Amino acid sequence: MRKFTERRLLVATHNAGKLAEMRALLAPYGVEVAGAAETGLAEPVETEDNFVGNARIKARAAMEATGLPVLADDSGICVDALGGAPGVYTADWAETGEGRDFGMAMERTWRALEDADAPAPRLAQFRCTLVLMWPDGHDEVFEGVLPGQIVWPPRGAEGHGYDPIFRPEGHQQTLGEMTAEMKNSLSHRALAVARMIEAAFA
């Protein structure tokens with residue numbers, strides 16, 4: 001396992017919510033975090049059918065464009081009764097042609113569960129795969145999984161994406177109802193980042 005000794009890290013995301021989470025999670029370690037949008041990087045086409053493959057595509061594209069160490073993630077919600085969908089296509093379910101509409105995506109997910117007559121509880125997992133890549137192309141992979149269930153109607157205006165319809169196991173609130181501090185203490189991304197910090201930063 002390679003240790004991360006650089007002071008600057010480029011996070012290969014154009015998602016402001018993800019970038020804010022990463023900044024908050026890495027702040028205690030003195031790492032300056034920049035986002036791909038801030039550096040004018042285009043989003044590469046994700047052609048893999050798994051989280052680690054797509055995270056590597058994003059990490060390599062950003063690293064080759066900037067020469068910086070890069071942290072990239074691919075994450076999504078996997079619904080048991082939908083065979084793991086939307087999974088790696090989580091963001092695609094929100095595409096409208098004019099940006100992403102996660103309200104529409106949440107409705108699509110719930111309709112699919114209703115059409116499948118899926119029994120309660122409608123179990124799901126948020127999954128996050130991180131790829132930490134150095135300028136020489138070496139990378140390390142870290143994963144986090146947050147189990148829970150899909151609820152309806154959406155609850156809460158915090159978070160982003162599918163957070164308002166996901167209630168983590170052992171909690172009564174959805175991620176959309178939790179404060180950023182609470183979510184960052186238990187999210188799939190927080191779990192993956194904790195593993196990365198323990199292995200590469202501690």
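Under the rule of -39500 (n - 2.57) per DSSP H run of 4 or more residues, summed and divided by the residues of the chain, what mean residue ellipticity at 222 nm is obtained, to the nearest 500 deg cm²/dmol?
Working: 5 runs with 57 residues, N = 202.
Value at 222 nm, helices only: -8500 deg cm²/dmol.
What is the angle, in °, between the Cα long axis of helix 102-115 and the longest principal axis of the Cα atoms in the chain? Nearest 10 is fine, range 0 to 90.
Long axis of 102-115 versus the principal axis of the chain: about 50 degrees.
Roughly what angle does helix 51-66 make with the longest principal axis of the chain, taking Cα atoms, 0 to 90 degrees, to the nearest 10?
For helix 51-66, the angle is close to 40 degrees.
Normalised by the number of residues in segment 25-85, what is the relative contact order in percent for Cα pairs under 8 Å and 6+ residues apart?
Relative contact order of segment 25-85: 22 percent.
Kindly report, to the nearest 10 Å², the accessible surface of His14 as traced by a 1.4 Å probe over protein heavy atoms only.
The accessible area comes out at roughly 80 Å².
In the neighborhood of Arg167, defined by Cβ-to-Cβ distances under 15 Å, what is the net charge if each Lys or Arg adds +1 and each Asp or Glu adds -1? Intermediate values should be presented prior to the final figure.
Values: positive: Arg122, Arg155, Lys183; negative: Asp80, Glu158, Asp163, Glu169, Glu177.
Here the count lands on -2.
Straight distance only, please: which aspartates and glutamates reach the Cα of Lys3 with their own Cα at less than 15 Å, same-chain residues fewer than 8 apart left out?
Of all the aspartates and glutamates, those that pass the test against Lys3 - Cα under 15 Å, at least 8 places apart if same chain - are Asp136, Asp139, Glu140, Glu198.
Could you state the number of Å between the C-alpha centres of segment 1-66 and segment 145-166?
First find each Cα centre; the distance between them is then 24 Å.
Using a Cα-Cα cut-off of under 20 Å, which lysines could be cross-linked to Lys58, ignoring same-chain neighbours fewer than 8 residues away?
Once the sequence-local lysines are set aside, what remains near Lys58 is Lys18.
Go through Phe4, Trp134, Val33 and say which Cα lies farthest out towards the positive end of the charge dipole of the chain; charges sit on Cβ, +1 for Lys and Arg, -1 for Asp and Glu.
Checked the options; the winner is Phe4.
If you line up the long axis of helix 16-26 against the longest principal axis of the chain, both from Cα atoms, how many degrees apart are they, to the nearest 10?
Between helix and principal axis, roughly 60 degrees.
Could you calculate the FRET efficiency of Asp117 with Asp92 from 1/(1 + (r/R0)^6), where r is the beta carbon distance between them and R0 is 30 Å, rounded to 0.05?
Details: r = 25 Å, r/R0 = 0.82.
Between Asp117 and Asp92 the formula returns 0.75.
Over segment 1-115, calculate the relative contact order: mean separation of alpha carbon pairs under 8 Å at least 6 apart, over the residue count, as a percent.
Working: 133 pairs, mean separation 24.0, N = 115.
Averaging sequence separation for qualifying contacts and normalising by length gives 21 percent for segment 1-115.
Tell me the label only: which of (i) 1.06; (ii) 0.97; (iii) 0.94 is Rg/Rh (Cα atoms, Kirkwood Rh) as calculated from this structure?
After the calculation, the listed value that fits is (ii).
Which of the peptides 151-157, 97-103, 164-170, 195-201 is most tightly packed, and how do the rest follow, going by the mean number of other Cβ atoms within 10 Å of each residue? Walk me through the numbers before you get to the answer.
Values: 151-157: 14.1, 97-103: 11.0, 164-170: 19.6, 195-201: 16.3.
Taking the mean over residues of other Cβ atoms within 10 Å, the ranking is 164-170, 195-201, 151-157, 97-103.
Normalised by the residues of the chain, what does the relative contact order come to in percent, with Cα pairs under 8 Å and at least six apart?
Values: 373 pairs, mean separation 38.7, N = 202.
Dividing the mean separation by the residue count of the chain yields 19 percent.
Tell me the label-point distance for the pair Gln173, Glu32, using the 7 Å Cα-to-Cβ offset, in nm and rounded to one decimal.
3.4 nm
Leaving ligands, DNA and RNA out of it, work out the accessible area of Leu41 with a 1.4 Å probe and give it in Å² to the nearest 10.
It works out to around 30 Å².
Top to bottom by accessible area (1.4 Å), largest first, where do Asp139, Asp115 land? Don't skip to the answer; put the middle values down first.
Working: Asp139 35, Asp115 135 Å².
Ranked from most to least accessible, the order is Asp115, Asp139.
With +1 assigned to the C-beta of every Lys and Arg and -1 to the C-beta of every Asp and Glu, and no other charges, what is the dipole magnitude of the chain about the Cα centre in debye, to the nearest 20? Working shown, then result.
Values: 19 positive and 30 negative charges, 111 e Å.
Result for the chain is approximately 540 debye, rounded to the nearest 20.
The values are calculated or read from the model by the stated rules, or taken from the named source; none is laboratory data. Since the model is a prediction, treat every value here as computed from it, not as a measurement. Positions of Cβ are generated from backbone atoms using ideal geometry, with glycine treated the same way; all protein chains shown enter the neighbour counts. Surface areas here come from the heavy atoms of the whole protein model, side chains and all, with no ligands, DNA or RNA. Shrake-Rupley method; radii C 1.70, N 1.55, O 1.52, S 1.80 Å.
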